[in-house]
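Bear in mind these aren't lab numbers, they're just calculated from the coordinates by the rules spelled out. The structure presented is a predicted model; accordingly, all values stated were derived computationally and were not measured. Cβ atoms come from the backbone with ideal geometry, glycine included; neighbour counts cover every protein chain shown.
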Amino acid sequence: MPRCAGPVEISNANVVRVERNGVLVLSDGRAVELEGIRLPLSQPGPAGVQALAVLRGMTASATVTFTAVPPKEDRYDRVRAQGFAGGTWLQAALLEKGLARVAISPDRNECSVELLAAEARGRAGMAGAWEGGAASRYRVRSPEEMRRTAGTFQVVEGRVTNIGQAGGRAFIDFSDDWQRGFSAIIAPDDRRRFRGYDLNELAAHRIRVRGIVQDYRGRPEIALSNPSQIESVD
């Protein structure tokens, strides 16, 4: 197990089923959510079916170990964990097969570097949901493609045109069109998580951000609540 994964929370577990949302149900009744990834389940398609099939295959006949760092449970009392079955890191395996994308939580940051690297390997090999490259619905999108994507999880790559603050929010613009262009924003309550992170260093650089797209007064935005949602590309 990688050192980033944290201490063992559950050992020698038996997974009795994988729910349609990817949650693992154990023989003792506990439920586990695989922390740090998002399966391609939001839209019907073969990638989601394959992701669940692979996850079931990896856990069906193996004892599974789960590691976790605080906060260890979500609001549904599911354990938020990294999973390891027979020497296979479940999250990394799904990412390398292109059957998941990295999804960074506001309050957890373990293994983000390792998970992003696994996702990059899957993307480079056009595996799973990445098959088709620019034609894939799960592709890395440009800022110009963000119109009409509200409510969906997206990975967006582009060059930063401006960085500023307004109304207590910090914003990273990817367009000179401040009325309709795409931005990544940091809400006032999330600014504390970016202490020591100099956003101004991103100016004019190409970066990648990820998260749920929101519509703010006609503008597409992704709210950043964790610095690991930002990747430097150049």
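Normalised by the number of residues in the chain, what is the relative contact order in percent for Cα pairs under 8 Å and 6+ residues apart? Mind showing how you got there, number by number?
Values: 477 pairs, mean separation 35.0, N = 234.
RCO, the chain: 15 percent.
Points 7 angstrom from Cα along the Cβ direction at Arg159 and Ala127: gap in nanometres?
3.3
Using unit Cβ charges (K, R positive; D, E negative) and no other charged atoms, how large, in debye to the nearest 20, is the dipole of the chain about its Cα centre?
Working: 32 positive and 28 negative charges, 73 e Å.
Magnitude of the dipole: close to 360 debye.
Can you quote the Å³ per residue value for the convex hull of the Cα atoms in the range 3-130, rounded to an integer? Please list the in-between numbers first.
On the way: hull volume 12.8 nm³, N = 128.
Convex hull of Cα atoms, per residue: 100 Å³.
Got a sec? How would Asp107, Asp77 order by Cβ neighbour count within 10 Å, fewest to most?
Asp77, Asp107
In degrees, nearest 10, range 0 to 90: what is the angle between the Cα axis of helix 112-124 and the longest Cα principal axis of the chain?
That helix lies at roughly 90 degrees to the long axis.
Beyond 29 Å, what percent of the Cα pairs of the chain remain?
30
Could you tell me what fraction of 2.2 N^0.38 Å the Cα radius of gyration of the range 167-234 comes to, as a two-decimal ratio?
Relative to the rule-of-thumb radius for its length, the range 167-234 sits at 1.05.
If packing is taken as the average count of other Cβ atoms within 10 Å, what order do 209-215, 89-95, 30-36 fall into, highest mean first?
89-95, 30-36, 209-215
Going by alpha carbons, how many degrees (0 to 90, nearest 10) lie between the helix axis of 46-59 and the longest principal axis of the chain?
Orientation of helix 46-59: about 40 degrees from the principal axis.
Just rank Lys72, Lys97, fewest to most, by other beta-carbon atoms within 10 angstrom.
Lys72, Lys97
I need the fraction of alpha carbon pairs in the range 89-220 separated by more than 22 Å, rounded to a whole percent. Could you put the intermediate results ahead of the total?
Values: 3594 of 8646 pairs.
For the range 89-220, the share of Cα pairs beyond 22 Å comes to 42 percent.
With contacts defined as alpha carbon pairs under 8 Å and 6 or more residues apart, what's the relative contact order of the range 92-139 in percent? List each step's numbers first, then the result.
Details: 54 pairs, mean separation 19.4, N = 48.
Over the range 92-139, the number comes to 40 percent.
How large is ³J(HN,Hα) for each residue in the range 72-83, as worked out from phi by the Karplus curve 6.51 cos²θ - 1.76 cosθ + 1.60 (θ = phi - 60°), to whole Hz, x for Gly and Pro?
In residue order, the calculated couplings are 8, 10, 8, 5, 9, 6, 7, 6, 9, 9, 8, x Hz.
How would you order 109-116, 50-57 from highest to lowest mean count of nearby Cβ atoms within 10 Å?
Answer by packing, highest mean first, reads 109-116, 50-57.
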